[in-house]
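Worksheet: one structure, shown below.
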Amino acid sequence: MASGAAVEFRFYRDVRPILSNHCFRCHGPDAEKRETELRLDTRQGLLGATATGKAIVVPGDPPASELYRRITAPHADEQMPPAEANVPLSQAQIEVLRRWIEAGAQWQEHWAYGPLVRPALPRPSGAGPADNPIDRFILARLEREGLAFSAVADAITLARRLSLDLTGLPPAPVEVEAFAGDASGSRYVEFVEKLLASAAYGERMAVYWLDLVRYADSGGYHSDVDQPISPYRDYVIAAFNDNLPFDQFTREQLAGDLLPRPTIAERIATGYNRLNKTTEEGGAQAGEYLAKSAADRVRTTSGVWLAATLGCAECHDHKYDPFTARDFYSFAAFFADVKEQGVYSAGGRAPELALPTPDQSARMAELKAAASEVERRLAGLSGAQADDRPALETRAKELAETLGELKKSLPRTMITVSVPPREMRVLPRGNWLDSSGARVEPALPAFLAAPSGQRRLTRLDLAEWLVARDNPLTARVFVNRLWKLFFGVGLSKSLDDFGAQGEPPTHPELLDWLAIEFVDSGWDIKHMVRLLVNSRAYRQASVPSAELIARDPANRLFARQGRWRLEAEFIRDAALVISKQLVRRIGGPSVKPYQPEGYWEFLNFPKRDWKADRGSDQYRRGLYTHWQRTFLHPSLLAFDAPSREECAADRPVSNTPQGALVLLNDPTYVECARVFAQRVLDEGGTDDASRIAWAWRGALSRAPEARESALLLELLSESRAKFEANEPAAQSLVAVGQAPISNRHRPGEIAAWTAVTRAILNLHETVSRN
Amino acid sequence: MLPREDNFWSPDPLRVTRRAFLGRTSLGLGALGLAGLTSAGFASDDSVGPNQRAKQSGTEHPAGLPHFAPRAKRVIFLCMAGGPSHFETFDPKPKLSEMHGQPMPASFTAGQPIAQLQGQQLVCQAPLFGFRRWGQSGQQISEVLRHIGGIADELCIVRSMHTDQINHDPAHTVMNTGTSISGRPSMGSWILYGLGSAAANLPGFVVLTSTSKDGRNPQPIAARQWHSGFLPSRHQGVAFQSHGDPVHYLGSPPGVTPSEQGRLVSTVSRLDAIRNELLANPEVETRIAQYELAFRMQTSVPELMNVSDEPAHVLDAYGVQGADGSFAYNCLLARRLAESGVRFIQLYHRDWDHHNDLVKFMHVCARDCDRPTAALVNDLKQRGMLDETLIVWGGEFGRTPMAQSNKGGVGRDHHMRAFSMFLAGGGIRGGITYGGTDELGYHAVENPVHVHDLHATMLHLLGLDHTRLVFRYQGRAFRLTDVAGQVVRPILA
């Protein structure tokens, strides 16, 4: 930055958002709505002249600048923005524009679109040479603000934080003890490595990715019937666990089928292109739903990789970002070769890939061999053996039927199959019935990429462009989301909008440094996660000082760690871990935990009942829950899991009575509490106080304070008196769920302890990451 | 150990818990007087800026709202899901009788979206019921809806509705959110966001659904229809179930009495409060209030659902046979919800998709919906509440003037270019018919009213300017009415 004023004003942070919010709707990227051909969203436009030759902005001279003159014009007929636009500028905003012009009207490229250049590491005075580069950036900014890092969090908090962040599961007490008891410098790094190597890491990372790509087990429209797709979910888990480089992860999902000799995994990955909502509704018109799915893919793909709101350009050029409607349909054209139907019928979602288990493969081979043997014998029958023919024919028919049945029962997954592309046109105003728009071929957004040569571009070209070194967005978008996962808020809060209306990053150099590091590492996700969680910034305490609450209430400077309620799936997982009920099987078909009866009453075609799984599938991690788009499991919904109809980069965190009711009354949590109570009685010692301490430590990784134990002892003795006086009540409480009822303890005693463990499972601390 | 109150376990768990909280928690929890669903969440995203004080008092909504004096305090939206035929309800078309059996003129249908009649011969179908003039206003309403006919002077019938989608699921999504793209907030959520809740012990947006036992195979209704989209999730509608717990997880676990549950909740809150001495996290205070509200709901919702305290003449007027989940029962609950301060009450009745046997199924729908609808309007009027309650009645679209006769008796297909709705109550001019369709009822031609216009008008009656009720999401100020919508002023009182 050349001058002091330029440091003070960052064009894209301070000036451009004002222009974007107040001027771009008429003087922005949308050619159709642009008034008088004046553009304020480009450097050329801003530093150019009006149609009548007046200079828009004269650097250093606000009064000579038409822009300044018009925003300060006293008369309504000259004043900008016009009153009817209903977006008046405040005095403070006018002052920002004035000072910006006065200081030389420096123009800067939008922060997310400029080329990635590795910034020099700052040298804050408080950083030593071995410090994590992340800390240099964070600390340099803190020092400018006269702040410092918060103290390192205590060992128990760190152990829980790492475990929850890297696996979505709370640590076992023995892990916490080992971590807290080991004073050596390497314990932290070793614990991180252990967690990164656990299979639960991939499950945890998958939860976020599945929100982005809108993974679900049902089609989403109307009858919302099941779709076969869980192998794709397992592919995502495995990709994170195997640390598949992100560029390859991208290629495989968008275009695995177009890779040379694609593997099964690469073909499963292409389920990504099939995750749009689908319908079987009678009277639905194929053309309309093909248009819907095309638009759906543009919204999702541009959202997942580019954090671009390209979907806004479906009916008109984008109002704020330089995407045209033509860009929208050209982007959609990349997917015009995806074999699909506008309207499906009878539950099929062809094309699907059958994925026989080894046993099923062997059985199929057997049946085929037997069938060809029968065929061979039939063909070789001579006249004398004609009597054998009916028996052989019956046998052949039986074998064919058995094989057919077996094939129908094979696990399947939706995949992408490339067919000759259907014609794509710009749909005027998004109207699928209007075929008057220009025909388009696949093309990258014009302002981000030069037009290609003669060959028709493919999904693989799109994937290659997304992960090309010079793509300015993909790496920035991804590292910003990683930052959000480990700090609670992105460097740019706008996880899903890196355009003009998105929030500029608080630490732009750090964002760029991380993005370059990601690309240079070979798109190594675990490398980036290590960098983040091994930083000093990550290890800070999350309890804010009074000064920080006043100075930085939203924690945008990262002078402390973030803290938040766990994601819906991880709340369930925590209860299952604490009660030691969690079944740690990875992948497979989605499962059905207990769900309130009648919740699917309004589903139809066909009518369906939710049948809760019996046995081990009842105790699987939350991410394996059958994801019904129109009726998501109510306990997931209560904790803000998205329906996955659209790309979701950021879940809200609500705090509602529905959440309280789930933890209090959902049989899943009641059963967990009861099984936990049985464990307390079996393993927690012999007297009430030590049992309470044991239970507390099991759930919260720490010893209870005296006041805390006292409250639970009080609850225990009251509950004990009540349940001892009312045996049937105790019996009905301990009968909740499928887990065996311990016969080592009286039902009254289990029920009394269940009150205690219910209280513990309901604590804010139990469902929070600090 | 905290001191013990002798009367801690009184028979009224509601009062007890509040006392317990106030008397016994270590925090001076100012939020306990909370009168609504008011969690903080990430309210910093509210574009207009959250009103912290209002948030604590339960009337939370963006600053400066309502924009002007409201005519209505609440909405009861009676959604006739499936799409009632306008030809047999509110839009008489004698010309269609004349042309019965003749080909539908291509001038109407060329280039138009067609649903199940795609590729079939399009033939005019005469209206299957006669119309009568009702009340002093002489409004024309089908003879099959005689109870609704009886309240004709209260109704503003809009014959010129039109929408953008021709299939049920997306058309419902348009009716609720103004667009067919998923993920946008429903109108009830927008209204709750704009005005806050006035209900102390109930959610501010409640959905009730009914299905006849002998109606046509009903259409699914997705939970998306009452979702809060990108608005804070506390504005989400809560669907009351007709079986089991009316609200998910409302019942305490088996063997646990209300007082024991209250004791548990109070222990959880006290433990949370102790920990929060260290953490100083405002979310914990909100959470404590939400636990208290959840516990109050465990009592208040079953009380609301239990209509045994209603006098016989009221039950008779609605035709309520008991807590059976019928439309009649739901209409009575709607009045009780309105009395409790619930802001947006939405009833779905799922039986109006009359592709075939329209006469038979229209009789079924009339039997189940006609009397309760009229009873609700009359009941509200008697209680002096009609003036402050906006009633909206109608489906997600209308039906074709063309016959559909591929199975059973004749019916009509989906139609999006014209349909009828009615409004009544708060701020609406009763006894008028607004707008009109062409002579065959195909297009809305006179004063067309798009769904966006309906939304703009509803918000207007609630004191909200639809162009200024905005929420910033993905870099853009979103509205219920997107970039369209005009208040339909001629129908305002």
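With the charge dipole of the protein assembly as shown set up from +1 on Lys and Arg Cβ and -1 on Asp and Glu Cβ about the Cα centre, the Cα lying farthest toward the positive end among the listed residues A:ALA286, A:LEU733, A:ILE101 is that of A:ILE101.
As a test, work out the antiparallel percent of DSSP beta bridges whose residues both lie in the protein assembly as shown, rounded to the nearest 5. Could you put the intermediate results ahead of the total?
Working: 36 of 65 bridges.
Counting DSSP beta bridges with both partners in the protein assembly as shown, the antiparallel share is about 55 percent.
Residues whose amide H lies under 5 Å from that of A:MET424, counting only those 5 or more places away or on a different chain, are A:VAL440; hydrogens are built 1.01 Å from N in the peptide plane. Can you find, among A:TRP627, A:GLY684, A:TRP696, the residue sitting farthest towards the positive end of the charge dipole of the range A:611-697, where Lys and Arg contribute +1 and Asp and Glu -1 at Cβ? Among A:TRP627, A:GLY684, A:TRP696, the one farthest towards the positive end of the dipole of the range A:611-697 is A:TRP627.
Placing a label point 7 Å from the Cα of A:SER717 along the Cα-to-Cβ direction, the residues of the range A:660-702 with a backbone N closer than 13 Å are A:688-689. Computed over chain A, the per-residue total of -39500 (n - 2.57) for DSSP H runs of n ≥ 4 gives a 222 nm mean residue ellipticity of -14000 deg cm²/dmol, rounded to 500.
Taking Cα centre as origin and charging only the Cβ of basic (Lys, Arg, +1) and acidic (Asp, Glu, -1) residues, the dipole magnitude of the range A:693-770 rounds to 240 debye.
Simple spin-label estimate for A:VAL189 and A:GLU109 gives 3.6 nm between the two label positions (7 Å along the Cα-to-Cβ direction from each Cα). The label point for A:GLN44 and the one for B:THR467, both projected 7 Å from the Cα toward the Cβ, are 3.3 nm apart. Hey, what D do you get for the range B:294-353 in µm²/s if you plug the Kirkwood alpha-carbon radius into Stokes-Einstein at 25 °C and 0.890 mPa s? Taking Rh from Cα pairs, D becomes 196 µm²/s. Our note on the geometry: Cα centres of the range B:210-255 and the range A:246-310, 31 Å apart. By other beta-carbon atoms within 10 Å, ranking A:SER768, A:SER409, B:SER137, A:SER163 with the fewest at the front produces A:SER409, B:SER137, A:SER768, A:SER163. Per-residue extension of 0.36 nm, minus the Cα-Cα distance of A:CYS315 and A:ARG614, leaves a gain of 102.7 nm for this segment.
Classify the range A:250-353: rounded, prolate or oblate, from the alpha-carbon gyration tensor (a ≥ b ≥ c, eigenvalue square roots; a/c under 1.5 rounded; otherwise prolate if a/b is larger than b/c)? Could the numbers behind the result be given before it?
Working: a/c = 2.51, a/b = 1.20, b/c = 2.09.
Judged from the Cα gyration tensor, the range A:250-353 comes out oblate (a/c at least 1.5, b/c at or above a/b).
R0 = 56 Å: FRET efficiency of A:GLU683 with A:ALA354, Cβ-based, nearest 0.05? Between A:GLU683 and A:ALA354 the formula returns 0.75.
For peptide B:290-300, compute the average count of partner chain beta-carbon atoms within 10 Å of each residue's beta-carbon.
4
Say the dipole of chain B comes from +1 at the beta carbon of Lys and Arg and -1 at that of Asp and Glu; which of B:ALA424, B:LEU278, B:GLY64 then lies farthest toward its positive end? Sorting the options by dipole projection puts first B:LEU278. Distance from the alpha carbon centroid of the range A:384-412 to that of the range B:76-98 works out to 56 angstrom.
Over all pairs of distinct alpha carbons, what does the Kirkwood formula give as the hydrodynamic radius of the range A:679-770, in Å? Kindly include the intermediate steps, with their values, before the conclusion.
Values: mean 1/r = 0.0734 Å⁻¹.
With all distinct Cα pairs of the range A:679-770 included, I get 13.6 Å.
Taking the centroid of alpha carbons for each part, the range A:714-751 and the range B:103-164 are 62 Å apart.
When Rg and the Kirkwood Rh are both derived from Cα coordinates, the Rg/Rh ratio for chain B amounts to 1.01.
Which of rounded, prolate, oblate describes the range B:153-234, given a ≥ b ≥ c as roots of the alpha-carbon gyration tensor eigenvalues and a/c under 1.5 marking rounded, otherwise prolate only if a/b is larger than b/c?
It comes out rounded by the Cα gyration axes.
Please say if the protein assembly as shown is rounded, prolate or oblate, where rounded means a/c under 1.5 for a ≥ b ≥ c the square roots of the C-alpha gyration tensor eigenvalues, and otherwise the choice is prolate for a/b larger than b/c and oblate otherwise?
Values: a/c = 1.17, a/b = 1.09, b/c = 1.08.
Taking the square roots of the gyration eigenvalues as a ≥ b ≥ c, the protein assembly as shown is rounded.
Taking a point 7 Å from the Cα of B:ASP214 along the Cα-to-Cβ direction, the residues of the range B:394-420 with backbone N closer than 17 Å to it are B:409. Using just its DSSP H runs of length 4 or more, each adding -39500 (n - 2.57), chain B gives a mean residue ellipticity at 222 nm of -9500 deg cm²/dmol after division by all residues. If R0 is 56 Å, the Cβ-Cβ spacing of A:ARG261 and A:GLN738 corresponds to a FRET efficiency of close to 0.75. Charged side chains reduced to their Cβ positions (Lys and Arg at +1, Asp and Glu at -1) give the range A:74-230 a dipole of some 580 debye around its Cα centre.
Between A:GLU398 and A:GLN454, residue separation times 0.36 nm minus the direct Cα-Cα distance comes to 14.7 nm. Going from the fewest other Cβ atoms within 10 Å to the most, the residues B:PHE90, B:PHE419 appear in the order B:PHE90, B:PHE419. Residues B:VAL174, B:VAL265 in ascending order of nearby Cβ atoms (within 10 Å, fewest first): B:VAL174, B:VAL265.
With +1 on each Lys and Arg Cβ and -1 on each Asp and Glu Cβ, and nothing else charged, work out how big the dipole of chain A is about its Cα centre, in Debye to the nearest 20. Kindly include the intermediate steps, with their values, before the conclusion.
Working: 94 positive and 100 negative charges, 107 e Å.
Magnitude of the dipole: close to 520 debye.
Can you work out the FRET efficiency for the pair B:ASP438 and A:SER436, with r the C-beta to C-beta distance and R0 = 25 Å, to the nearest 0.05? Mind dumping the intermediate values first?
Values: r = 25 Å, r/R0 = 1.00.
About 0.50, to the nearest 0.05.
Taking 0.36 nm per residue of separation and subtracting the current Cα-Cα distance, fully stretching the chain between A:GLU724 and A:THR52 would add 232.8 nm.
Values quoted throughout were computed directly from the atomic coordinates according to the rules given, and no laboratory measurement underlies them. Since the model is a prediction, treat every value here as computed from it, not as a measurement. Cβ sites come from the backbone with ideal geometry, for glycine too, and all protein chains shown count toward neighbours.
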